[in-house]
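Contents: one structure, followed by commentary.
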């Protein structure tokens, strides 16, 4: 089911007011006509330094990407058809839009940011959102996109539309704030979580599943609210090789690309198998060799690769994966990684691919249905936007959809919920699995604040 209306997202962590929203277009009665203008900018722009306090969407990597403010249009969907419904609504919007794009680069023109919920039964809606204005820097090509909602009768811009102005006025400097003290309340004690791991391993031994990805969440109480823009800036600075994202109630820095499509080509990066390391350190070479040959890690990785390649068979004309996994080094963790590439069939969009792949074995398990049933039985909370597709798509259907990992849900100005986990297969060690889950929470916890003394 789906609804669409041009209303702003609620403020989550930062105490700020969103820009005025345009007139509502409720339900599916009428698709609004948007006028989209992308202007080339001659300035050199440090994008992470221009994340405004009132931003509504962000997508950053290696200091480049896109940042959006305001809301010109949004669509919320739920249920098993949430991906298909959102894609259809956006295609309707794109067909009716007037697009004047003088840049013609990736990410220019009409763009929708999206965050989907993990489960079809989740009470949290999935969202696509078109901002009022987007500041972008991709392939070192800076641009500004402005979006107006056209009046249906007068065929003129709505008075609430984003007026052309200097990009610095729309995207002022990123606010700075001292890291606040935080109190972390995990859902389980170490012993309780390790017992959940043992229960999951018992299910695997019984033959209910070959792999189950279990996660842990913690409620983090902030002494002082932190602007979302500040959190994003910290994540982008500390984890430049990840995809740093924000939309609606999710924020994070993920290393896992689910579906990156451009001109019919598909790229996907699969991570499965992890080793925690000390911050600022890395595995010794002999430990890394052992990691790459570990039977348990390789089995988990093989499940994840197969979950991608097998599900895309009818969406692609060809698909290949790395001959063997490589080690991806990130602060605090090293992963076994493989890259998947393919040629898409005519008319297949990035969101089609993301919807088909979700949830992959890297975040659910194998077989998918059995693993998700085990997750529902073992985890005390709905996953919400955790481990689900987050990213963006353009009017042609190309875009990037990562998996929302290394993330937090923004619940109130002084309360967030972080979540992370790991894949369990026969032979997994409960103590090590708990340590891995904790290690994966470090990035967003360090962006938020510092633990109480």
Can you pull out the residues in region 240-256 that are under 15 Å from residue 400 (Cα atoms) and part of a strand (DSSP E or B)?
243, 244, 245, 246, 247, 253, 254
Determine the pairs where a residue that is over 14 Å from residue 150 (Cα atoms) and outside the structural domain of residue 395 (by TED's automatic domain parsing), located within region 89-100, has a partner that is buried (at least 21 other Cβ atoms within 10 Å of the Cβ) and modelled with pLDDT of 95 or more with Cβ atoms under 6 Å apart, the partner being 6 or more residues away or on another chain.
89/75; 90/112; 90/128
Return the residues of region 318-370 that are surrounded by fewer than 22 Cβ atoms within 10 Å (Cβ to Cβ), in a helix (DSSP H, G or I) and out of contact with any helix residue (DSSP H, G or I) (no Cβ under 9 Å at 6 or more places or on another chain); say none if nothing qualifies.
369
Identify, please: which residue in region 105-114 is touching a residue at least 60 places away in the same chain (Cβ under 8 Å) and surrounded by fewer than 24 Cβ atoms within 10 Å (Cβ to Cβ) and is, among those, farthest from residue 130 (Cα to Cα)?
106
For residues that are touching a strand residue (DSSP E or B) at 6+ places or on another chain (Cβ under 8 Å) and either in a helix (DSSP H, G or I) or in the same structural domain as residue 58 (by TED's automatic domain parsing) (or both), tally how many sit in region 184-236.
13
Please verify whether region 299-317 includes one or more residues that are assigned by TED's automatic domain parsing to the domain that holds residue 362, surrounded by fewer than 20 Cβ atoms within 10 Å (Cβ to Cβ) and farther than 25 Å from residue 261 by Cβ.
yes
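The values are calculated or read from the model by the stated rules, or taken from the named source; none is laboratory data. From a predicted model like this one, the values you see are computed outputs, not experimental measurements. Every residue, glycine as well, gets a Cβ built from its backbone with ideal geometry; the counts of neighbours run over all protein chains shown.
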